[in-house]
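Quick notes on the structure that follows.
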Amino acid sequence: MPEGAAPSTTLTQADGQASTRGTVRRFRLTVVEGPARGLGWQSTGDRCSVGSHHRNDLIVDDPTVSRFHCEIVVDEGGVRVRDLKSRNGTVLDGVAVLEAFLRVGSLLRLGKTVIRFELAAETNRLSVSEETRFGSLAGVSPAMRATFAMLARAAESDVTVLLEGETGTGKSQAAHSIHKKSARSEGPFVIVDCGAIHGNLLESELFGHEKGAFTGAMERRVGAFEEASGGTLFLDEVGELPVDLQPKLLRALEAREVRRVGSNAYRPVDVRVIAATNRDLRTDVNVGRFRADLYFRLAVVTIGMPPLRRRPEDIPALAEEIIASLRAPEGAAEQLRTPEFMAQLRNGAWPGNVRELRNYVERCLILRTIEPAIEPSGATEEGFVVDPTAPYASERERAMADFERRYFTALLRLHDGKVARAAGAAGMDRTYLYRLLRRHGIEP
């Protein structure tokens, strides 16, 4: 690394925090070592993607830098760098990291390239909606109102939108709200969950099939693209799309025409596409799990749905809406409206986000008791009790089986029983997860 790179002050929360006015500190990146030495970049928003592909904010022409190498984000917690499963990794001040906070003067090594991070005195103003609702979504936090501003702009056009975010953050609600506020609101809104349908059936679900196209095809079937004509097609969990289907989806998006399974003719479709994923597709592009050209076609406009832990100020209003929607008896509802209960909700981690919050509030209403909000959701069983009189090997095997049973039960509960989503979140192959579930007698 170059000399004179003395680290400066560690950034505090206030250094990068988005205020209620929707501003963040500006930062600068300068390449100080490598083929692109001397290249500089200055932020205009709250994030910067770095890599060798031209779709990045800071484009580094270096064969040792991955197409999408890392991302720098300024939010209410400070300034963080996150590696995007790059080939050579991201090294921050001499330490290899997956995600870490940056310091003023920090040096990032990406392959043979070294980049210096500097925090500017100026601020960047983010586009923040004055509204506290967008369709069925609600929020007063700067993070949510910035999302509302982007959703509103997306609704004004027919561009393809990619919604990113953790499970339970409201991606489906966002997609439906975009549709209802668009010029296509009178048309159909068709949903295809790419993670819930087996690959052999997903092609037929998307594009339709002719009678006799395969075993069991007793009659002609219109696919989701044709069914959504004049309206919006929502592709949920698009990151689970099998690799062999990705070129067919790409052609449908580019040519706006589809071919039913068993047919030789292409049919034009008039449809707006919104896709959603709880994965970062840039990392899947880096490892070859998702086609780069399909990613670019889907990510014409990319909107991130903030997790609940980034907007705790929204939790009391969300809880109130949940209580009202459940039509709870007044006595039981008042118990959940106390300042103590709301403080407990705000302090929760909520890895399952709004979906987990709703399940928790509903459980408290049904049981007429306030339970501790524990992370992860559902993992509240009594711990494993050892038997010191038994052989070590058998106890170890029993402990592992107990852990797997409780972990997979909680994992499926968190992801609403959807094995594909659960496998992706756990970093496992879906087939292997099915095998483990059968071993422990757990039904999805």
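The values are calculated or read from the model by the stated rules, or taken from the named source; none is laboratory data. Computed from a predicted structure; not experimentally measured. All Cβ positions, even for glycine, are placed from backbone atoms using ideal geometry, and neighbour counts span all protein chains on display. Accessible surface areas use protein heavy atoms only, side chains included; no ligands, DNA or RNA. Shrake-Rupley method; radii C 1.70, N 1.55, O 1.52, S 1.80 Å.
A single entry from A143, A96, A155, A121 fulfils the requirement of being open to solvent by less than 30 Å² (accessible area, probe 1.4 Å) and either over 26 Å from L414 (Cα atoms) or modelled with pLDDT of 95 or more (or both): A155. Pairs are defined by a Cβ separation below 9 Å, a sequence spacing of at least 6 or placement on different chains, a first member in the stretch 20-35 that is at positive phi and open to solvent by less than 50 Å² (accessible area, probe 1.4 Å), and a second member that is modelled with pLDDT under 95 and part of a loop (DSSP other than H, G, I, E, B); the pairs so defined are G22/L126; G22/S127; G22/V128.
A single member of L84, L126 is open to solvent by less than 60 Å² (accessible area, probe 1.4 Å), modelled with pLDDT of 95 or more and hydrophobic (A, V, I, L, M, F, W, C), and it is L84.
Residues in the stretch 212-261 that are aliphatic (A, V, I, L, M), more than 13 Å from V273 (Cβ to Cβ) and in contact with a helix residue (DSSP H, G or I) (Cβ under 7 Å, 6 or more places away or on another chain): 2 in all. Among the residues of the stretch 321-356, those that are of a type in the set (D, E, K, R), open to solvent by 70 Å² or more (accessible area, probe 1.4 Å) and closer than 23 Å to E166 by Cβ comprise E321, R346, R355. Could you list, in sequence order, the residues of the stretch 189-210 that are open to solvent by 60 Å² or more (accessible area, probe 1.4 Å) and either among the polar types (S, T, N, Q) or assigned to a helix (DSSP H, G or I) (or both)? Within the stretch 189-210, N200, L201 qualify.
Y432 meets the conditions (1) within 28 Å of V354 (Cβ to Cβ); (2) surrounded by fewer than 20 Cβ atoms within 10 Å (Cβ to Cβ) in every case but one. The failed one is (1). Residue by residue through the stretch 276-304, note down the ones that are closer than 24 Å to P142 by Cα, aliphatic (A, V, I, L, M) and open to solvent by less than 10 Å² (accessible area, probe 1.4 Å). The answer is A276, A299, I303.
Within the stretch 163-182, can one find any residue that is more than 14 Å from M305 (Cβ to Cβ), open to solvent by 10 Å² or more (accessible area, probe 1.4 Å) and part of a strand (DSSP E or B)? Scanning the stretch 163-182, I find no residue that is more than 14 Å from M305 (Cβ to Cβ), open to solvent by 10 Å² or more (accessible area, probe 1.4 Å) and part of a strand (DSSP E or B), so the answer is no. Scanning the stretch 99-109 for residues being within 22 Å of the chain's Cα centre (by Cα) and either β-branched (V, I, T) or open to solvent by 60 Å² or more (accessible area, probe 1.4 Å) (or both) gives a total of 2. For E186, indicate whether it is among the charged types (D, E, K, R) and not in a loop (DSSP other than H, G, I, E, B). No. Within the stretch 52-68, if we keep just the residues that are open to solvent by less than 10 Å² (accessible area, probe 1.4 Å) and in contact (Cβ under 8 Å) with a residue 60 or more places away in the chain, the residue that is nearest to F101 (Cα to Cα) turns out to be F68. Condition first: open to solvent by 10 Å² or more (accessible area, probe 1.4 Å) and in a loop (DSSP other than H, G, I, E, B). Now tell me which residues in the stretch 220-240 satisfy that. Passing the criteria: R220, S229, G230.
Listed conditions (1) modelled with pLDDT of 95 or more; (2) open to solvent by 20 Å² or more (accessible area, probe 1.4 Å); (3) out of contact with any Asp or Glu (no Cβ under 7 Å at 6 or more places or on another chain) are all met by K112, apart from (3).
Quick grid of which residues meet (1) at pLDDT 65 or above; (2) under 27 Å from L326 (Cα atoms):
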| position | (1), (2) |
| --- | --- |
| E362 | yes, yes |
| S377 | no, yes |
| E382 | no, no |
| A399 | yes, no |
| D402 | yes, no |
| F408 | yes, no |
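For beta carbons closer than 7 Å, sequence separation of 6+ or different chains, a first residue in the stretch 294-309 that is in contact (Cβ under 8 Å) with a residue 12 or more places away in the chain and a second that is open to solvent by less than 20 Å² (accessible area, probe 1.4 Å) and of a type in the set (D, E, K, R), the qualifying pairs are M305/K171.
Remark: pairs (first residue in the stretch 99-113, under 15 Å from D62 (Cβ atoms); second residue open to solvent by 60 Å² or more (accessible area, probe 1.4 Å) and polar (S, T, N, Q); Cβ separation under 8 Å; 6+ apart in sequence or on different chains) = L110/N88; G111/N88.
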